[in-house]
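**Student:** Sharing a structure here in structure tokens format.
Just so it is clear, none of the values below were taken in a lab; they were calculated from the coordinates. Computed from a predicted structure; not experimentally measured. All Cβ positions, even for glycine, are placed from backbone atoms using ideal geometry, and neighbour counts span all protein chains on display.
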Amino acid sequence: MDSLPFSLPDFLPGQVWLVGAGPGDPGLVSLLALHAMRHADVVVYDALVDQRVLGLTNAEAIREYAGKRGGKPSARQPDISNRLIELARQGLRVLRLKGGDPFLFGRGAEEALALVEAGIPFRVVPGITSGVGGLAYAGIPATSRETNSAIAFVTGHDASGDVPDTVDWAALAKAVPVLVFYMALKHLDRIAEQLIAAGRPADEPTAVVSRAATPAQRVVVAPLAEIAEAARREGIEPPALVVVGQVVTLRERLDWLGSLQAATSASG
Ligand code: SAH
């Protein structure tokens, strides 16, 4: 990192850096994220952080797991924020490492607010969110001119673990041609039903992308009305994204990862 033609900010003792680790592939980690991993004294990481990314942290850094499992009540969130504050007050360089982007369904905002409240200096390092980068690894662009000029990121879970009742399904179904759902596998039947009831075509192309940008990535494509059943049949496991809309059809031509893998196994 010392050979870069520009300098990166110093990670100072007593600071917390809230860093996005991206969806999985360690090559998608940013220079700032790598810099933070090289200099951190302690790394507080989530379940979604890929082991290969975690392996980039310096060997002396203490690693603390602070993961929560999807759907469980977030009782431990204040504990995590308090832990970050405690570690920073010990004068450590505290790296808070989260999957994807820390400010997108990652509770980064809550943690940052707690740091502000406690007067702890912090920096936010955005990461590639799974709902964009993970889809790209499945050959599904977030937008294309022929399919959509808008996109929505929606959570399939609220804090109680239920389908969020703050989502205006009718408005969403009508206004937004491409919907990307995070944390949606558990309630996929209900989400699909609500979308169809709100006017989305039952045969609208839908994909589930599980463990995107990792060697275990799997993609299932089916009409909206059948996607939940298809995901069950294929034994799809979380973490997974669900994408509804015409962009899904582009995967037929844009599955670059599948093509590269086919070429490698053909030549090998
Ligand atoms: N901050 C994260 C999202 C955290 S919410 C981000 O920006 O990506 C957790 C949800 O993210 C999971 O339930 C799943 O929907 C999605 N997710 C995260 N990583 C994923 C991956 N590698 N593959 C598929 N889905 C992923």
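**Student:** Which of 98, 174, 186 ends up with the largest GNM mean-square fluctuation for the chain, with Cα atoms connected below 10 Å?
**Tutor:** Result: 174 has the largest fluctuation of those listed.
**Student:** Got the relative contact order for the chain handy, in percent, Cα pairs under 8 Å and 6 or more residues apart?
**Tutor:** Reported relative contact order: 19 percent.
**Student:** With runs of 4+ DSSP H residues as the only contributors, calculate the mean residue ellipticity of the chain at 222 nm using -39,500 (n - 2.57) per run, divided by the residue total and rounded to the nearest 500.
**Tutor:** The helix contribution divided over the chain gives -8000 deg cm²/dmol.
**Student:** Set the Förster distance to 22 Å, then compute FRET efficiency between residue 250 and residue 149 from the Cβ-Cβ distance, nearest 0.05.
**Tutor:** The computed FRET efficiency comes out at 0.90.
**Student:** Give me the percent relative contact order of the stretch 161-262, please, defined on Cα pairs under 8 angstrom at least 6 residues apart.
**Tutor:** The normalised contact order for the stretch 161-262 reaches 32 percent.
**Student:** Using a ≥ b ≥ c from the Cα gyration tensor of the stretch 125-236 (square roots of the eigenvalues), is it rounded, prolate or oblate, where a/c under 1.5 gives rounded and otherwise the larger of a/b and b/c decides, a/b for prolate?
**Tutor:** rounded
**Student:** Which order, highest average first, do 143-151, 221-229 follow once you tally other Cβ atoms within 10 Å for each residue and take the mean per peptide?
**Tutor:** By packing density, highest mean first, the sequence is 221-229, 143-151.
**Student:** Same structure again: Given axes a ≥ b ≥ c from the Cα gyration tensor, I'd like to know whether the stretch 169-220 is rounded (a/c under 1.5), prolate (a/b larger than b/c) or oblate.
**Tutor:** Because a/c hits 1.5 or more and a/b exceeds b/c, the stretch 169-220 counts as prolate.
**Student:** Please give the helix 77-89 orientation as an angle from the longest Cα principal axis of the chain, in degrees from 0 to 90, rounded to the nearest 10.
**Tutor:** 30
**Student:** For residue 82 and residue 158, what does the FRET efficiency come to when R0 = 25 Å and r is the distance between their Cβ atoms, rounded to the nearest 0.05?
**Tutor:** Once rounded, the FRET efficiency stands at 0.60.
**Student:** One quarter of the convex hull surface, Cα atoms only: what value does that give for the stretch 16-128 in nm²?
**Tutor:** The Cα convex hull of the stretch 16-128, projected and averaged over all directions, gives 6.2 nm².
**Student:** Here is a further query. Could you list, bin by bin from short to long, the percent of Cα-Cα pairs of the chain in 10 Å steps?
**Tutor:** 7, 28, 31, 22, 11, 1
**Student:** Compute the acute angle (0 to 90°) between the alpha-carbon long axis of helix 188-197 and the principal axis of greatest extent of the alpha-carbon atoms of the chain; round to the nearest 10°.
**Tutor:** Rounded to the nearest ten degrees, it is 50.
**Student:** How large is ³J(HN,Hα) for each residue in the stretch 133-148, as worked out from phi by the Karplus curve 6.51 cos²θ - 1.76 cosθ + 1.60 (θ = phi - 60°), to whole Hz, x for Gly and Pro?
**Tutor:** For the stretch 133-148, the Karplus-derived couplings read x, x, 5, 4, 5, 9, x, 10, x, 5, 9, 8, 5, 7, 10, 7 Hz, x marking Gly and Pro.
**Student:** Taking only Cα atoms, what is the 0 to 90° angle, nearest 10, from helix 256-267's long axis to the longest principal axis of the chain?
**Tutor:** In the chain, helix 256-267 runs at an angle near 90 degrees to the longest axis.
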